[in-house]
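Okay, structure first, notes after.
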Amino acid sequence: MGRQSEIDRREAGNRLHMGRRRALAAVLVAVFLAGCSGDEADEYSAADTSAGQTVSVSVPDLSDVARQGGELFTANCSECHGPTAGGSSQGPPLVHEIYEPGHHADFSFVRAVETGSPQHHWNFGDMEPVPGLSPEDLNKVICYVRELQYANGIFTAPAGLAACEV
């Protein structure tokens, strides 16, 4: 009985230690991303949104994954970001150089959907989390946005379409 108690206590300590390490890693990632997504005084500076900035988006022939993502985008994101991610009076265009993969990686979209996003780059206020999307659904939405960006010249490296490789 004494030996089993010692083993149980050691396993509980190991689980607690792992939980603390994961929490610390999550905090470090959040701090890093917050630092990366601050207001830059460069090519990514905030756009004027006084009249609800939108961009014209050309919709290409989409892959099956992106088509599914487009349906999810329409149901969950288009109210603020417009029907083809070109923006609206309530949210910024995602088919914009600010959101190219080198500046806002796919994880930035995941984080914004799961935890919300403080206002930066634009003057629409904070973005609230978007509940109800599974990781697979979210990947499809990212694929949709990335295919739109690629087709509209936001980026040219096919590596930016990684979310579309299921």
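Being closer than 24 Å to Trp122 by Cα and at pLDDT 95 or above is not true of Gly91.
Within the stretch 103-129, the set of residues being under 12 Å from the mean Cα position of the chain (by Cα), exposed (fewer than 13 other Cβ atoms within 10 Å of the Cβ) and within 15 Å of Pro92 (Cβ to Cβ) comprises Gly116 only.
Checking the structure you have, find out if any residue of the stretch 145-164 is under 13 Å from the mean Cα position of the chain (by Cα) and not aliphatic (A, V, I, L, M). Checked against the condition, which is being under 13 Å from the mean Cα position of the chain (by Cα) and not aliphatic (A, V, I, L, M), the stretch 145-164 yields at least one hit.
Just the residues that are more than 16 Å from Asn152 (Cα to Cα) and of a type in the set (A, V, I, L, M, F, W, C), please, taken from the stretch 53-105. If the condition is that a residue be more than 16 Å from Asn152 (Cα to Cα) and of a type in the set (A, V, I, L, M, F, W, C), then Val65, Leu72, Phe73, Ala75, Cys77, Cys80, Ala105 are the ones that fit. Checked against the criterion of being assigned to a helix (DSSP H, G or I) and β-branched (Val, Ile, Thr), the stretch 148-159 contains not a single residue that satisfies it.
When every residue of the stretch 70-79 is checked against the conditions, none turns out to be more than 12 Å from the chain's Cα centre (by Cα), buried (at least 19 other Cβ atoms within 10 Å of the Cβ) and in a loop (DSSP other than H, G, I, E, B). One residue stands out in the stretch 52-69 among those that are in contact with a helix residue (DSSP H, G or I) (Cβ under 9 Å, 6 or more places away or on another chain) and assigned to a helix (DSSP H, G or I): the one that is surrounded by the fewest Cβ atoms within 10 Å (Cβ to Cβ), namely Arg67.
Sub-9 Å Cβ pairs linking a first residue in the stretch 128-153 that is within 11 Å of Ala85 (Cα to Cα) to a second residue that is assigned to a loop (DSSP other than H, G, I, E, B) and aromatic (Phe, Trp, Tyr), at least 6 apart or interchain, are Arg146/Phe155; Gln149/Phe155, ordered by first then second residue.
Scan the stretch 130-147 for residues that are in a helix (DSSP H, G or I) and crowded, with 16+ Cβ neighbours inside 10 Å and jot them down. Residues satisfying the conditions are Asp137, Leu138, Asn139, Lys140, Val141, Ile142, Cys143, Tyr144, Val145, Arg146, Glu147.
The values are calculated or read from the model by the stated rules, or taken from the named source; none is laboratory data. Source: prediction; values computed, not measured. Don't worry about glycine lacking a Cβ; one is built from the backbone with ideal geometry, like all the others, and counts go over all protein chains shown.
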